[in-house]
């Protein structure tokens, strides 16, 4: 059973901790955050260890780090923590939930996380420190570079490429052979059908309120 320290103490860490509690491969022994964020969150009753004291409490040879942080600043915060932990001598765990389906022959990048019901098809490449959330589909021959966040239900189609430090929102779709430029932000439900520029924002149009009340809509249109 591998001893795990969660890098993070907020929502993502709380979710991963809940999954690992039912995964016999792992035992979570603590969490760590930058010193300034020590009081910002807590995972159950687990006390976070400030990064400045991490080696005193959990030695690199005794545990492995699981990246359990969110996507703040287009994953730059995750990226910074990832590299600092490696420089301190820690191994970063590549985690695949038992209910995920990973068929690619390419090794997932160090520190990548694949959540339940995600599907990673043949010939897919996933970069280091990237998060593939639940119910995501990474279709054949696509690639997700390092430090990306692919939110729940997103579909990255065949031969599509998501460049480094991108955020792809819930239920967004990147169609075949399209490239999302680095530091790109793709909003929830967006359909990307052509290459995007670096640091661009692509949003789906928000649903507009219908002129009928719900009761009248059902009456005239059925449900």
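What follows is calculated from the coordinates using simple rules that are stated; it is not laboratory data. None of these values were measured; they are calculated from a predicted model. Backbone-built Cβ (ideal geometry, glycine too); neighbour counts: all protein chains shown.
Highest mean packing comes first when the peptides 165-178, 24-37 are listed by Cβ atoms within 10 Å, giving 165-178, 24-37.
Computed over segment 1-130, the P(r) curve from all C-alpha pair distances, binned at 5 Å from the origin, holds 2, 11, 21, 24, 21, 13, 5, 2, 0 percent per bin. For residue 11 and residue 29, the difference between the fully extended length at 0.36 nm per residue and the C-alpha to C-alpha distance is 4.7 nm. Of all DSSP bridge pairs formed entirely within segment 2-93, close to 5 percent run antiparallel. For the chain, the longest principal axis of the C-alpha atoms and the axis of helix 72-87 are separated by about 20°. Once the Cα-Cα distance is subtracted from the 0.36 nm per residue extended length, the residue 216 to residue 170 segment shows a gain of 13.5 nm. Considering all different alpha carbon pairs of segment 96-202, the Kirkwood hydrodynamic radius works out to 12.8 Å.
A full extension of the chain between residue 52 and residue 37 corresponds to an added length of 4.2 nm, given 0.36 nm per residue minus the alpha carbon distance. Highest mean first, the peptides 9-16, 95-102 sorted by other C-beta atoms within 10 Å per residue fall in the order 9-16, 95-102.
May I ask for the angle, rounded to the nearest 10°, between helix 11-20 and the longest principal axis of the chain, with both axes built from Cα atoms and the value confined to 0 to 90°? The helix 11-20 is inclined about 70 degrees to the chain.
At a Förster distance of 45 Å, what's the computed FRET efficiency of residue 3 paired with residue 199, Cβ-Cβ distance as r, to 0.05? Rounded to the nearest 0.05, the efficiency is 0.70.
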